[in-house]
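Participant: Here you go, one structure.
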Amino acid sequence: MARVFTRLGKEITIAAKSGGTDPNSNPRLRTLIQTAKSENMPKDNIERAIKRAVEKDQSDYKEVVYEGYGPHGIAILVETATDNPTRTVANVRSYFTKFGGTLGTSGSVDYMFDHKCLFKVKSKADIDMDELELELIDYGADEVFKEVDEEKEEEYIMIYGSFESFGAIQKFLEEKGLEIISGQFTRIPTTDLKVLDPEAKAQVEKLLDKLEEDDDVQNVYHLMEQ
């Protein structure tokens, strides 16, 4: 939970820094606050993250993406938010090296992932999914479907769209009166690679775990089939 709060806190700070601290005039920040609430992030944490964006003594976070290959040729993409890129790249490179991988150059594996936006919306009993999907396609969505959370006994609408369509889809959903539970960016592998040897798979997983443990790392994506 602390890991999720840290990641969301950085995203909120970055959004507030670039688009202003007022959620009413900053759509990205507004969605991130909703996402944070859905993860039960305390209100105080959210407010501190927003405040950090305007505090003069705070270092700026920079979003940096690192690409490379793990052991057995598994492509890995690492998204970071850091106030010290020199430290972050040194750490990321050391993890790849330690576990039998290599850190690559920009663009070396990025093309193997589709950069998408993803919205989770509260479903309504009277909603026409076919009509909603047709409308959303005009705003950049390419996949719309329902998903049931059996634990919470709630039904949601999941919407995937192009990276560039985030703002347009968010605006449509808000104007439609649909409740956005969360909105985020994600990367979808264009292909999956099977690692059949259990020891080899464990080696890749050790690298992935080490990367995800780093405080500067926001997200880790890879091509290994789960």
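Bear in mind that the values in this text are calculations on the coordinates, not laboratory data. All figures in this text were calculated on a predicted structure; none of them were measured in a lab. Cβ coordinates were reconstructed from backbone atoms using ideal geometry, including for glycine residues, and neighbour counts include every protein chain displayed.
Participant: Is there a quick way to get the dipole size of the chain? I mean about its Cα centre, with the Cβ of Lys and Arg at +1 and of Asp and Glu at -1; what is the value in debye to the nearest 20? Provide the component values of the computation, followed by the final result.
Facilitator: Working: 29 positive and 45 negative charges, 239 e Å.
Roughly 1140 debye, rounded to the nearest 20.
Participant: Determine which aspartates and glutamates satisfy two conditions relative to residue 116: a Cα distance under 12 Å, and not lying fewer than 8 residues away in the same chain.
Facilitator: Within reach: 142, 143, 164.
Participant: Select one label from [x] 8, 31, 36, 19, 5, 0; [y] 7, 28, 33, 25, 7, 0; [z] 8, 32, 33, 20, 7, 0: the one whose number is P(r) over Cα pairs in 10 Å bins from 0, in percent as derived from the coordinates shown.
Facilitator: [y]
Participant: What aspartates and glutamates does residue 206 reach when the alpha-carbon gap must be under 14 Å and sequence neighbours fewer than 8 apart in one chain are set aside?
Facilitator: Those aspartates and glutamates meeting the cut-off are 214.
Participant: Roughly how many nanometres apart are two label points built 7 Å out from the Cα toward the Cβ at residue 51 and residue 153?
Facilitator: Those two pseudo-labels are separated by 4.0 nm.
Participant: Magnitude of the Cβ-charge dipole of segment 1-112, K/R +1 and D/E -1, about the Cα centre, nearest 20 debye?
Facilitator: On the way: 16 positive and 13 negative charges, 43 e Å.
Computed about the Cα centre, the dipole is about 200 debye.
Participant: Set Lys and Arg Cβ to +1 and Asp and Glu Cβ to -1, take the dipole of segment 66-181 about its Cα centre, and tell me which of 141, 163, 90 lies farthest positive.
Facilitator: 90
Participant: Another one. Quick check on my link table: of 17/98; 152/194; 146/171; 43/210; 122/171, which ones sit more than 24 Å apart, alpha carbon to alpha carbon? Before the final figure, lay out the partial values.
Facilitator: On the way: 17/98 35 Å; 152/194 33 Å; 146/171 20 Å; 43/210 30 Å; 122/171 16 Å.
From the list (17/98; 152/194; 146/171; 43/210; 122/171), the Cα-Cα distance tops 24 Å for 17/98; 152/194; 43/210.
Participant: Helix check for the chain. Which DSSP H runs span at least 15 Å along their own axis by Cα, with a mean Kyte-Doolittle hydropathy no less than -1.0? Intermediate results must be reported in sequence, preceding the final value.
Facilitator: On the way: long enough: 2-19 (25 Å, 0.11); 27-38 (17 Å, -0.53); 85-98 (19 Å, -0.66); 198-213 (22 Å, -0.94).
Helices meeting the criterion: 2-19, 27-38, 85-98, 198-213.
Participant: Over the chain, with a Gaussian network built from C-alpha contacts below 10 Å, which listed residue (26, 40, 91) shows the highest mean-square fluctuation?
Facilitator: Per the Cα network of the chain with a 10 Å cutoff, 40 tops the list.
Participant: Which order do the peptides 212-219, 114-121 come out in when sorted by mean C-beta neighbours inside 10 angstrom, highest first?
Facilitator: On the way: 212-219: 17.1, 114-121: 19.2.
Top to bottom by mean Cβ count within 10 Å: 114-121, 212-219.
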